[in-house]
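Step one of this worksheet: look at the structure below.
The values are calculated or read from the model by the stated rules, or taken from the named source; none is laboratory data. Predicted model only: the values in this text are computed from it and were never measured. Backbone-built Cβ (ideal geometry, glycine too); neighbour counts: all protein chains shown.
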Amino acid sequence: MLKLMTWPTSPFGAKVKACLKALDLYDGIEIINYFPWLPDNELRIKNPINKIPVLILDDGSALYDSPVICEYLNDFAKGSLIPSQKKYVVLRIQALCDGILDAAVSARYETHSRPEHLRSKDWYDRQMQGVKAGLEALATESLDMEITLSSLCAAVTVAYLDLRYPDEPMAKIPKPLRNWFENFVGKHPWLTDILPKDILPLPENRLMLEQ
Ligand SMILES: N[C@@H](CCC(=O)N[C@@H](CS)C(=O)NCC(=O)O)C(=O)O
């Protein structure tokens with residue numbers, strides 16, 4: 001049985017879960033809720049970079065990071081999440097969304113995880129500049145109303161920013177992207193269960209405060 005190490009707030013984990021659902025693989029997978037800041041070595045044994053999500057295959061080997069996992073799952077299920085006629089547009093949008101999310105997660109660590117005396121407003125602003133410019137670019141892409149890897153990535157990106165930055169002007173979702181998101185989730189309501197959510201208490205022995 002495939003296993004997925006992830007955490008409910010992780011946007012990259014949510015992207016993989018959305019692919020699993022879209023490919024009808026979700027019910028056949030064991031979800032291991034694993035907080036990546038724990039002081040043990042369990043995650044690092046699977047992914048030396050120590051990040052979730054990690055997909056553990058039946059032979060015990062591991063796949064990371066999320067673009068690799070999503071492509072693997074699509075091939076495994078013979079799915080059409082990356083249509084060949086627009087493969088590089090889909091992959092570009094995924095890269096754009098991943099870039100926005102990397103910046104948003106990094107800024108979140110800066111304000112919530114790092115010891116207070118080490119926090120840098122300059123670093124936070126630099127990351128949020130990336131979020132803002134990335135969102136402007138994403139709003140100009142013609143996003144699918146159908147399920148593809150790129151539409152799933154875009155939906156997860158908006159949902160993560162809504163979760164973590166509801167009042168941050170630099171993370172304001174441009175109107176066309178907001179409209180697309182609402183229509184898209186309205187058309188695919190099962191996504192609501194999959195999008196990033198703060199639903200689990202943080203483990204007691206976490207190294208960092210929260211993510
Ligand atoms: N490029 C990676 C990014 C994954 C990532 O940043 N995961 C975060 C949680 S959302 C994490 O595990 N952070 C722990 C750390 O930075 O040590 C992917 O696409 O899977």
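Overview of values
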{"read-out": "Checking ARG92 against (1) more than 19 Å from GLY28 (Cα to Cα); (2) assigned to a helix (DSSP H, G or I); (3) under 12 Å from the mean Cα position of the chain (by Cα), the condition it does not meet", "value": "(3)"}
{"read-out": "Scope the stretch 52-64; condition of a type in the set (D, E, K, R) and in contact with a Leu (Cβ under 8 Å, 6 or more places away or on another chain); matching residues", "value": "ASP58"}
{"read-out": "Selection count, the stretch 57-89, where residues are in contact (Cβ under 8 Å) with a residue 12 or more places away in the chain, under 16 Å from ALA14 (Cα atoms) and among the β-branched types (Val, Ile, Thr)", "value": "1"}
{"read-out": "Those residues of the stretch 118-166 which are part of a helix (DSSP H, G or I) and of a type in the set (Gly, Ala, Ser), in sequence order", "value": "GLY130, ALA133, GLY134, ALA137, ALA139, SER150, SER151, ALA154, ALA155, ALA159"}
{"read-out": "In the stretch 174-188, the residues that are over 20 Å from LEU149 (Cβ atoms) and touching a Leu at 6+ places or on another chain (Cβ under 8 Å)", "value": "PRO174"}
{"read-out": "Among residues of the stretch 40-51, those that are under 15 Å from SER66 (Cβ atoms) and over 16 Å from the mean Cα position of the chain (by Cα), counted", "value": "4"}
{"read-out": "Matching residues, the stretch 88-110, being surrounded by 14 or more Cβ atoms within 10 Å (Cβ to Cβ) and of a type outside the set (A, V, I, L, M, F, W, C)", "value": "ARG92, GLN94, ASP98, GLY99, ASP102, SER106, ARG108, TYR109, GLU110"}
{"read-out": "Flag if ASP65 is away from the ligand (no atom under 15 Å from the Cβ) and among the acidic types (Asp, Glu)", "value": "no"}
{"read-out": "The stretch 72-89: number of residues that are in contact with a helix residue (DSSP H, G or I) (Cβ under 8 Å, 6 or more places away or on another chain), within 17 Å of PRO53 (Cβ to Cβ) and part of a helix (DSSP H, G or I)", "value": "2"}
{"read-out": "Test: residue in the stretch 148-157 that is surrounded by fewer than 18 Cβ atoms within 10 Å (Cβ to Cβ) and not basic (Lys, Arg)", "value": "no"}
{"read-out": "Output for the stretch 183-211, where each listed residue is touching a Lys or Arg at 6+ places or on another chain (Cβ under 7 Å) and either assigned by TED's automatic domain parsing to the domain that holds TYR34 or at pLDDT 90 or above (or both)", "value": "TRP190, ILE194"}
{"read-out": "Those residues of the stretch 126-145 which are loosely packed, with under 14 Cβ neighbours inside 10 Å and in contact (Cβ under 8 Å) with a residue 40 or more places away in the chain, in sequence order", "value": "GLN129, MET145"}
{"read-out": "Unmet criterion (only one of (1) modelled with pLDDT of 95 or more; (2) of a type outside the set (S, T, N, Q); (3) under 18 Å from the mean Cα position of the chain (by Cα); (4) over 27 Å from LEU135 (Cα atoms)) for TRP37", "value": "(1)"}
{"read-out": "ILE52 being within 12 Å of the ligand (Cβ to nearest atom) and not assigned by TED's automatic domain parsing to the domain that holds VAL90", "value": "yes"}
